[in-house]
Amino acid sequence: MTCDFPPKNTGLLRTHRLRAAGAAGVLLAAALLTGCGQDSADTSAGTATSEAARAVPERTATPSNSASKSASPSATLSKDQQERKKLLDSTKITFDKAITTAEGAVAGSKLIELDLRGPGESDDDTDESASPSASASASASASASPSPSGTSASPSGASASPAATGPEWVAAVAAKDGTEHTVRIDAVSGKVIQSVEDQGQDSAEKTRTADWIAQAKQTPQQAATTATDKKKGTVTSVDLDDNDKNVLTWSVEVVDKSWNETTFGIDAATGSITSEETDTH
């Protein structure tokens, strides 16, 4: 006996299969979408990380490059400061050694002035105070034509004043009677370049200079020490003279580590500081 089942359950099963297939499709699609989203997110994150890794060295490299191209310290110095720096960088002989050498060049003399100068700066001053024959021979050696006898013209046979090829100390020293001499010293080797008696000094000038030496209880070295105790630096000039109050003083110039120059007035009798002025240019 054959039993036929009603076909109504077949439709219901098909419906369930379709629903199950549809649900599976939805789940598969969702999974695919989720996977794609994660891949996309991972790719974006990876790209961003890679870009950041490249950007960081560029940003850190920029300050370094700009720093290497920054101006050198000397570029920030004024013209006067640069000249002081250049002069002192090339100077090997200190002021105290220059004083000893200058006083040793003229027996029994005492220093009354000392100044550090660059090449060529001292020539005019030295020629003005040096003997006329030395000055004349200096100009003659540059422009004189041969004499009929075949020798070059040179008044009194004196030789020309040696030209400075580097920094030098130019000193004025005075003998006991007040007679002044100019002594030029190579500021690198310490050797005496020239030592000449200043011409044209009258008796009144010699007497005044002799009186200054007698009144100056402070040596130039002591005056320089007083100045550098107040302002650390290098002494470039020492000069004995009356100030505007008619007080005999040592004028001491000191260049500090910033290449500024400070001028001190030191009482030549008591050693006290009478004035202080700084040139920051």
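The values are calculated or read from the model by the stated rules, or taken from the named source; none is laboratory data. Given the structure is predicted, the values throughout are model-derived calculations rather than measurements. Because the Cβ atoms are built from the backbone with ideal geometry, glycine has one as well, and the counts that use them run over all protein chains shown. Heads up: the accessible areas ignore ligands, DNA and RNA and are worked out on the full protein's heavy atoms, side chains in. Shrake-Rupley method; radii C 1.70, N 1.55, O 1.52, S 1.80 Å.
For Gly178, indicate whether it is open to solvent by less than 10 Å² (accessible area, probe 1.4 Å), at pLDDT 95 or above and either within 14 Å of Val106 (Cα to Cα) or in contact with a Lys or Arg (Cβ under 7 Å, 6 or more places away or on another chain) (or both). It is true that Gly178 is open to solvent by less than 10 Å² (accessible area, probe 1.4 Å), at pLDDT 95 or above and either within 14 Å of Val106 (Cα to Cα) or in contact with a Lys or Arg (Cβ under 7 Å, 6 or more places away or on another chain) (or both). Could you identify the single residue in Ala214, Ala210, Ala204 that is under 19 Å from Gly108 (Cβ atoms), free of Cβ contacts under 8 Å to residues at least 12 places away in the same chain and either open to solvent by less than 10 Å² (accessible area, probe 1.4 Å) or not in a loop (DSSP other than H, G, I, E, B) (or both)? Answer to the selection: Ala214.
Does segment 183-190 contain at least one residue that is modelled with pLDDT of 95 or more, touching a Leu at 6+ places or on another chain (Cβ under 8 Å) and surrounded by 18 or more Cβ atoms within 10 Å (Cβ to Cβ)?
yes
So in segment 257-281, with the set limited to residues that are part of a loop (DSSP other than H, G, I, E, B) and of a type in the set (Ser, Thr, Tyr), which one is modelled with the lowest pLDDT? Among residues in segment 257-281 that are part of a loop (DSSP other than H, G, I, E, B) and of a type in the set (Ser, Thr, Tyr), the one modelled with the lowest pLDDT is Thr280. Could you list, in sequence order, the residues of segment 217-226 that are under 25 Å from the mean Cα position of the chain (by Cα) and without any contact (Cβ under 8 Å) to a residue 40 or more places away in the chain? Thr225, the sole residue that qualifies.
Only one of Val192, Val173, Val183 is in contact (Cβ under 8 Å) with a residue 24 or more places away in the chain, over 22 Å from Leu88 (Cα atoms) and touching a strand residue (DSSP E or B) at 6+ places or on another chain (Cβ under 7 Å); which?
Only one candidate qualifies: Val173.
Residue count for segment 227-256 under the criterion of being modelled with pLDDT of 95 or more and part of a loop (DSSP other than H, G, I, E, B): the result is 5. Taking the criterion of being of a type in the set (Asp, Glu) and touching a strand residue (DSSP E or B) at 6+ places or on another chain (Cβ under 9 Å), the residues of segment 222-243 that qualify are Asp239, Asp241, Asp242. The residue that is surrounded by the most Cβ atoms within 10 Å (Cβ to Cβ), among those in segment 233-263 that are of a type in the set (D, E, K, R) and over 23 Å from Trp169 (Cβ atoms), is Asp242. Is one or more of the residues making up segment 75-82 over 21 Å from Val254 (Cα atoms), open to solvent by 40 Å² or more (accessible area, probe 1.4 Å), part of a helix (DSSP H, G or I) and at pLDDT 95 or above? Scanning segment 75-82 turns up no residue that is over 21 Å from Val254 (Cα atoms), open to solvent by 40 Å² or more (accessible area, probe 1.4 Å), part of a helix (DSSP H, G or I) and at pLDDT 95 or above.
Please verify whether Ile266 is among the aliphatic types (A, V, I, L, M), open to solvent by 40 Å² or more (accessible area, probe 1.4 Å) and in contact (Cβ under 8 Å) with a residue 12 or more places away in the chain, treating the condition exactly as stated. Considered against the rule, which asks whether it is among the aliphatic types (A, V, I, L, M), open to solvent by 40 Å² or more (accessible area, probe 1.4 Å) and in contact (Cβ under 8 Å) with a residue 12 or more places away in the chain, Ile266 comes out as no. Among helices (runs of 4 or more DSSP H) entirely within segment 84-158, having at least 2 residues that are surrounded by fewer than 18 Cβ atoms within 10 Å (Cβ to Cβ) and at pLDDT 50 or above singles out 95-105.
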